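Encoded as structure tokens, the structure appears first; notes follow it.
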Amino acid sequence: RKMAGTIPGAGITTPLTLTTADNTTQITLTSTDADANSGPALDYYRNSSSPADADYIGTTRYIGRNDNTQDVNFVLISAQANDVSDGTEDGIIEFANIKAGSQTITARLRSDGFQLLNGSTLTVNGATTLESTLDVTSAAVFNSTVDVGVGNDELRIEAVSGQGPKLSTTASNSPITISPHGTGFLDIAGGLVVSETDTIS
């Protein structure tokens, strides 16, 4: 409802609960400033007298009920002070979900990278561009064609039905070079089938 006049600036020292019987917006923050700065703003301020690394400094909870009419924190988004040292501060945004009935940290957006944790997987419905090295510490399974290279001259690894993995190039008349490092050599454990004339030098 509309209220006449202004509300004096005063701190709220007790928990504030706003309840509505429908799904309309309960809180709206409005800024009428016309400049390019960010606004409106919502601050979470943890005024600790003894700040320490790994302190949680704010949480947004999404609470609902299960089918036994129990309140459950289904999703938590938390902020964490990873490093509180003056001049080298680092922060983390942490995501937690209910997973099989237990609160589980599923992801962390750190100052040095993004982590998927506790069995969380990544699904990308679209192109993925990596501008640095891809380091795979476990098995990598590709269910489609993999092209590695620059421009139209790429090494292609693909699964051919009834034939198994196939190694080829995408450019016409482009050779494939296998070059072991140092004193290494090419070791073929099974039989070698040459379908065309081969020159060995």
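What number of residues within the stretch 167-186 satisfy the criterion of being surrounded by 10 or more Cβ atoms within 10 Å (Cβ to Cβ) and among the aliphatic types (A, V, I, L, M)?
Qualifying residue count for the region: 2.
Being open to solvent by 70 Å² or more (accessible area, probe 1.4 Å), on the phi > 0 side of the Ramachandran plot and either in a strand (DSSP E or B) or in contact with a Lys or Arg (Cβ under 9 Å, 6 or more places away or on another chain) (or both) is the filter here, so list the residues in the stretch 77-118 that pass it.
Residue satisfying the conditions is Asn118 alone.
Among the candidates Ala140, Ala127, Ala189, single out the residue that is under 30 Å from Lys99 (Cβ atoms), out of contact with any His (no Cβ under 8 Å at 6 or more places or on another chain) and open to solvent by 90 Å² or more (accessible area, probe 1.4 Å).
It is Ala127.
What are the residues in the stretch 82-111 that are within 24 Å of Ile63 (Cα to Cα) and either without any contact (Cβ under 8 Å) to a residue 12 or more places away in the chain or of a type in the set (A, V, I, L, M, F, W, C) (or both), if any?
Ile92, Ile93, Phe95, Ala96, Ile98, Ala100, Gly101, Ser102, Ile105, Ala107, Leu109
Among the residues of the stretch 168-197, write down those that are of a type in the set (Asp, Glu) and more than 29 Å from Gly151 (Cα to Cα).
Asp187
Quick one: which of Val146, Val150 is surrounded by 10 or more Cβ atoms within 10 Å (Cβ to Cβ), out of contact with any helix residue (DSSP H, G or I) (no Cβ under 8 Å at 6 or more places or on another chain), at pLDDT below 85 and among the hydrophobic types (A, V, I, L, M, F, W, C)?
Within the list Val146, Val150, the selection yields Val146.
Being among the small types (Gly, Ala, Ser) and either under 14 Å from Ile176 (Cβ atoms) or in a strand (DSSP E or B) (or both) is the filter here, so list the residues in the stretch 144-164 that pass it.
Gly149, Ala159, Gly164
Six or more apart or on different chains, Cβ atoms under 6 Å: show the pairs whose first residue is in the stretch 45-71 and closer than 21 Å to Asp83 by Cα and whose second is open to solvent by 100 Å² or more (accessible area, probe 1.4 Å) and of a type in the set (Phe, Trp, Tyr).
That search, which allows pairs on different chains as well, returns Gly58/Tyr44.
Could you please let me know if Ala139 is part of a loop (DSSP other than H, G, I, E, B), farther than 30 Å from Ala54 by Cβ and in contact (Cβ under 8 Å) with a residue 12 or more places away in the chain? First the steps, then the outcome.
Working: part of a loop (DSSP other than H, G, I, E, B): yes; farther than 30 Å from Ala54 by Cβ: yes; in contact (Cβ under 8 Å) with a residue 12 or more places away in the chain: no.
Considered against the rule, which asks whether it is part of a loop (DSSP other than H, G, I, E, B), farther than 30 Å from Ala54 by Cβ and in contact (Cβ under 8 Å) with a residue 12 or more places away in the chain, Ala139 comes out as no.
Every residue, every condition in (1) within 25 Å of Tyr45 (Cα to Cα); (2) among the aliphatic types (A, V, I, L, M), yes or no:
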{"position": "Arg110", "(1), (2)": "yes, no"}
{"position": "Asn118", "(1), (2)": "no, no"}
{"position": "Thr128", "(1), (2)": "no, no"}
{"position": "Thr137", "(1), (2)": "no, no"}
{"position": "Ala140", "(1), (2)": "no, yes"}
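The values are calculated or read from the model by the stated rules, or taken from the named source; none is laboratory data. Since this is a predicted model, take the numbers as computed values, not measurements. So basically every Cβ, Gly included, is an ideal-geometry build from the backbone, and we count neighbours across all protein chains shown. Surface areas here come from the heavy atoms of the whole protein model, side chains and all, with no ligands, DNA or RNA. Shrake-Rupley method; radii C 1.70, N 1.55, O 1.52, S 1.80 Å.
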